[in-house]
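The values are calculated or read from the model by the stated rules, or taken from the named source; none is laboratory data. What you see is a predicted model; the values in this text were computed from it and never measured. Neighbour counts run over all protein chains shown; Cβ positions are idealised from the backbone, glycine included.
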């Protein structure tokens, strides 16, 4: 009988293989209000059970798992939030509350992944059921995740040197809202199709920038293109369209831009780096299994931009979010 060589560690394989267990416990902890309960201060198992209404047995399991995953600390038998869980999962802060996104992953996304084997064989998505309250859960999760991406973009990209900003084909008003909050003297246009345009208007009004935004409902592939912008945002556009339409969108975005303008294209990408960024590759599977949309290779996206008259100058990763390709109008 042949044995593996000593020192070969299977932990990486097992960590991935049991990842769904960790995810489901995170969803359960969030739903039970565990992180919100710890906003009151550190707690023992019995105190945590009392605050959440959980049995002590499950409070201990969730507390230990979250501590093991680095989402809580455990000191002398008392659990406490980390800086990240305080900011994003406990409520009551100025950061994006990610609990609606976790609810979406649990109620909508997870069920699709149970059939991912069939999706792998067919490259076809599972049926997307948005009946009843599921549509609210879906939109709440997607828009929350977009709000996080918008916040991370505003922290990593300097909007203050731009005066006219076009959000071209996006679905969430959060990106333009964050850009205009940073660039206090800039004006913006949000152009997109579909019924979420009015939702985007509400987001920008709530952010206090609605008076500086022109909202236009138009198809980004076929509709009229406004012009004269020194910054164009293509955020979460590419994965929703086929290659031919994406080429046209890149060309139309260039038509909207002034000479020397900047383009910021935000999405997940497959890459040719020595190590593929896991977040992007995982989302390629998520987009496929949910609705059949596509995470494209970065090289292909850059090709569309170059052919359309943009010069890609940098790719930048955003924490816990997609990457951006920054390009300049030739």
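Numbers at a glance
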| quantity | calculated |
| --- | --- |
| Any hit, the range 153-170, residues being under 25 Å from residue 314 (Cβ atoms), modelled with pLDDT under 95 and surrounded by 18 or more Cβ atoms within 10 Å (Cβ to Cβ) | yes |
| Of the criteria (1) touching a residue at least 24 places away in the same chain (Cβ under 8 Å); (2) under 23 Å from residue 178 (Cα atoms), which one residue 286 fails | (2) |
| Residues of the range 307-325 that turn out to be in contact with a strand residue (DSSP E or B) (Cβ under 7 Å, 6 or more places away or on another chain) and under 16 Å from residue 249 (Cα atoms), as a count | 5 |
| Criterion: without any contact (Cβ under 8 Å) to a residue 24 or more places away in the chain, touching a helix residue (DSSP H, G or I) at 6+ places or on another chain (Cβ under 9 Å) and not in a helix (DSSP H, G or I) - qualifying residue of 222, 189 | 222 |
| Residue check, residue 27 touching a helix residue (DSSP H, G or I) at 6+ places or on another chain (Cβ under 7 Å), in a helix (DSSP H, G or I) and buried (at least 20 other Cβ atoms within 10 Å of the Cβ) | no |
| Residue satisfying all of: in the range 95-130; under 30 Å from residue 46 (Cα atoms) and outside any helix (DSSP H, G or I); farthest from the chain's Cα centre (by Cα) among these | 95 |
| Residues (assigned to a helix (DSSP H, G or I), out of contact with any strand residue (DSSP E or B) (no Cβ under 7 Å at 6 or more places or on another chain) and over 13 Å from residue 25 (Cα atoms)) located in the range 51-84 | 52, 56, 57, 83, 84 |
| Residue in the range 142-149 that is closer than 30 Å to residue 247 by Cβ, touching a residue at least 12 places away in the same chain (Cβ under 8 Å) and loosely packed, with under 13 Cβ neighbours inside 10 Å present | no |
| Verdict on residue 182 being at pLDDT 95 or above and buried (at least 22 other Cβ atoms within 10 Å of the Cβ) | no |
| Test: residue in the range 146-162 that is under 30 Å from residue 17 (Cβ atoms) and in contact with a helix residue (DSSP H, G or I) (Cβ under 8 Å, 6 or more places away or on another chain) | yes |
| The range 192-201: number of residues that are in contact (Cβ under 8 Å) with a residue 24 or more places away in the chain and part of a loop (DSSP other than H, G, I, E, B) | 2 |
